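Undergrad: First, the structure itself, so that you have it in front of you.
The values are calculated or read from the model by the stated rules, or taken from the named source; none is laboratory data. Since this is a predicted model, take the numbers as computed values, not measurements. Just the protein is used for accessible areas: all its heavy atoms, side chains included, with ligands, DNA and RNA removed. Shrake-Rupley method; radii C 1.70, N 1.55, O 1.52, S 1.80 Å.
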Amino acid sequence: MPIDLAADSGYALRLLVAAILGALIGLEREIHEHPAGMRTHLLVSLGSAGFTVLSIASFTATGSDPARIAAQIVSGIGFLGAGAILKEGATVRGLTTAASLWTVAAVGMAAGAGAWLVAITVTAIAIISLWPLRVVTEKISGRDRHHVRMRLWATDRAAIARLVSLIEKEHGTIAHLSTKGTGGGRLEIDLEVRTADVESGAAMTAAVAATEGLEMDESRAVGD
């Protein structure tokens, strides 16, 4: 295939725009420490754009169907989305990140096809839905915004009752609680608590760690 600098420069610009727009969506996921961050979203968008550009530029023979590659991108991105979905006890995490990966594939395809307005519009709507819109919906619904997941060791079952009482006293909501017996008469507790904000979550964690009969093994914030 002969080199066409003008056409190739245009395709390179499409790939660059796809990478930038994908990174913008991934930045929000990165800031909130979700499984797939900026680099993952950038690569998904760039890869989708690359396949789209190839389907446009390289498969032009009579009888070929460039749209087949685009169709495979839509279905093939599912394996990445599935990898971002995590099941922790009775709680499922990562659905929003999986949806953002699927969306960023559309951004890459649009940029690769030269549909600039579509690519930019999808990016803007995705970023708004992931960050500002989430804050608005949480305020409207009154849903607790901060989730803390803890792994604890208890010396006896009475410590569980003290734990539940403490959480209620601190105005927290138990989203998940499970126990497992271990050797030595200790209990392993897997706990997820919803609190109003980060400060409340930190105070809750400190109070739990100071509770008699409980030993904090791990504590971390979790999100969608």
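Undergrad: Can you give the accessible area of LEU24 in Å² (nearest 10), computed on protein heavy atoms with a 1.4 Å probe?
TA: Per-residue accessible area (LEU24): approximately 80 Å².
Undergrad: Report ³J(HN,Hα) in whole Hz for each residue of segment 15-30, in order, from the Karplus equation J = 6.51 cos²θ - 1.76 cosθ + 1.60 where θ = phi - 60°; Gly and Pro get x.
TA: Along segment 15-30, the couplings run 5, 5, 5, 4, 5, 5, 5, x, 5, 4, 5, x, 4, 4, 5, 5 Hz.
Undergrad: Can you give me the long-range amide H partners of HIS176? Hydrogens built in the peptide plane at 1.01 Å from N, cutoff under 5 Å, separation of 5 or more residues or another chain.
TA: Under 5 Å from the amide H of HIS176 lie the amide H atoms of GLU192, each far enough along the sequence or on another chain.
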